[in-house]
1. If ALA16 passes every condition in (1) open to solvent by 10 Å² or more (accessible area, probe 1.4 Å); (2) under 20 Å from ALA150 (Cβ atoms); (3) touching a helix residue (DSSP H, G or I) at 6+ places or on another chain (Cβ under 8 Å); (4) assigned to a helix (DSSP H, G or I) but one, which one does it miss?
2. Does LEU52 fit the bill of being open to solvent by less than 40 Å² (accessible area, probe 1.4 Å), in a helix (DSSP H, G or I) and not small (Gly, Ala, Ser)?
3. Limited to segment 118-147, what total is found for residues that are closer than 18 Å to PRO167 by Cβ, touching a residue at least 24 places away in the same chain (Cβ under 8 Å) and either open to solvent by 10 Å² or more (accessible area, probe 1.4 Å) or part of a strand (DSSP E or B) (or both)?
4. Can ARG62 be described as buried (at least 21 other Cβ atoms within 10 Å of the Cβ) and under 14 Å from VAL230 (Cα atoms)?
5. Quick check on my filter: what residues within segment 76-112 are closer than 21 Å to ILE10 by Cβ and either at pLDDT 90 or above or among the aliphatic types (A, V, I, L, M) (or both)?
6. Find the strands (runs of 3 or more DSSP E) located wholly in segment 148-261 whose residues include 3 or more that are surrounded by 14 or more Cβ atoms within 10 Å (Cβ to Cβ), and list them.
7. Any idea which of (1) open to solvent by less than 10 Å² (accessible area, probe 1.4 Å); (2) under 23 Å from ALA17 (Cα atoms); (3) outside any loop (DSSP other than H, G, I, E, B); (4) at pLDDT below 95 is the one VAL47 doesn't satisfy?
8. Kindly check whether there is at least one residue in segment 100-108 that is surrounded by fewer than 21 Cβ atoms within 10 Å (Cβ to Cβ), without any contact (Cβ under 8 Å) to a residue 40 or more places away in the chain and out of contact with any Cys (no Cβ under 6 Å at 6 or more places or on another chain).
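The values are calculated or read from the model by the stated rules, or taken from the named source; none is laboratory data. Values in this document were obtained by computation on a predicted structure and should not be read as measured data. No Cβ is skipped: glycine too gets one built from the backbone with ideal geometry, and neighbour counts run over all protein chains shown. When the accessible area is computed, the model is the full protein with side chains, heavy atoms only, and any ligands, DNA or RNA have been set aside. Shrake-Rupley method; radii C 1.70, N 1.55, O 1.52, S 1.80 Å.
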Amino acid sequence: MKIALMDSGIGLLAAAAAVRRLRPDADLVLSSDPGSMPWGPRTPEDVTARALAVAEAAAEHRPDALIVACNTASVRALPALRARLEPEVPVIGTVPAIKPAAAGGGPVAIWATPATTGSPYQRGLIREFADGVTVTEVACPGLADAVEHADQPAIDAAIAAAAERTPADVRAVVLGCTHYELVAERIRAAVQQPGLPPLVLHGSAGAVAAQALRRIGELPDPEAPADSVVTVLLSGHEGALPATALAYEEGRLLSAVSPAR
């Protein structure tokens, strides 16, 4: 079994680690284009072109499925990716976990990039899945870029600024960018209010990993032999995980997997 994941940068680490935990025997192909990151401010046409290039590089390794581990690429390019790769390679997009967050009754905050915050796409998800629930959209300028470069002071500053714009009574936070899942506990610590129940964070990594397995007819098997390999593609060329990936637990987990020979 081989699962490919794509993103502009290291935001794919969370979903890749989730696949690794569910199926330690699955080979992984991690395809990104860090030189073009972030994709959020780019035009839809530019995002689509870059996403197709990253996806096609992964597809050359003949994966059983491709996870689009990027909210921006899922919003902008998912139809084009599916038109290009399916049915040979099932394509699984990443959708902000607004539905499960709203099911708790709220109030809910959605942390996302400035390009996604207030977008017709996100507003549509709120109307569809959070009708009657108090939802606050919180733009997080600079956070994805700071996470990508493991710039710890910049991460702290971006989280603190977003936390200030998050209502104190929020009970759940949707992590609307895959990069944010790498610093989830820091987000929790910044938003959690003393004396209130524990804040619930809703990411997408576990859900997309499970969906990828369902699409190819496989079941989770966390006890499977961990004999898989990882192929890292940077702008289409085989390489190694960026050093910044090792700043995160998910990156360290994947770095321990044998690189493809």
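1. It is condition (1) that ALA16 fails.
2. Values: open to solvent by less than 40 Å² (accessible area, probe 1.4 Å): yes; in a helix (DSSP H, G or I): yes; not small (Gly, Ala, Ser): yes.
It is true that LEU52 is open to solvent by less than 40 Å² (accessible area, probe 1.4 Å), in a helix (DSSP H, G or I) and not small (Gly, Ala, Ser).
3. Here the count works out to 8.
4. On the way: buried (at least 21 other Cβ atoms within 10 Å of the Cβ): no; under 14 Å from VAL230 (Cα atoms): yes.
For ARG62, the condition - buried (at least 21 other Cβ atoms within 10 Å of the Cβ) and under 14 Å from VAL230 (Cα atoms) - is not met.
5. The first filter runs over segment 76-112 and keeps only residues closer than 21 Å to ILE10 by Cβ, leaving 76-78, 81, 91-97, 111-112.
If the condition is that a residue be closer than 21 Å to ILE10 by Cβ and either at pLDDT 90 or above or among the aliphatic types (A, V, I, L, M) (or both), then ALA77, LEU78, LEU81, VAL91, ILE92, GLY93, THR94, VAL95, PRO96, ALA97, TRP111, ALA112 are the ones that fit.
6. Values: elements: 172-175, 200-202, 229-234, 237-239.
Because the criterion is at least 3 residues that are surrounded by 14 or more Cβ atoms within 10 Å (Cβ to Cβ), the strands (runs of 3 or more DSSP E) in segment 148-261 that meet it are 172-175, 200-202, 229-234.
7. The failed condition is (2).
8. Narrowing segment 100-108 to residues surrounded by fewer than 21 Cβ atoms within 10 Å (Cβ to Cβ): 100, 103-107.
Filter once more, so that each one left must be without any contact (Cβ under 8 Å) to a residue 40 or more places away in the chain: 103.
Within this subset, residues satisfying the condition of being out of contact with any Cys (no Cβ under 6 Å at 6 or more places or on another chain) are 103.
Yes, segment 100-108 contains at least one residue that is surrounded by fewer than 21 Cβ atoms within 10 Å (Cβ to Cβ), without any contact (Cβ under 8 Å) to a residue 40 or more places away in the chain and out of contact with any Cys (no Cβ under 6 Å at 6 or more places or on another chain).
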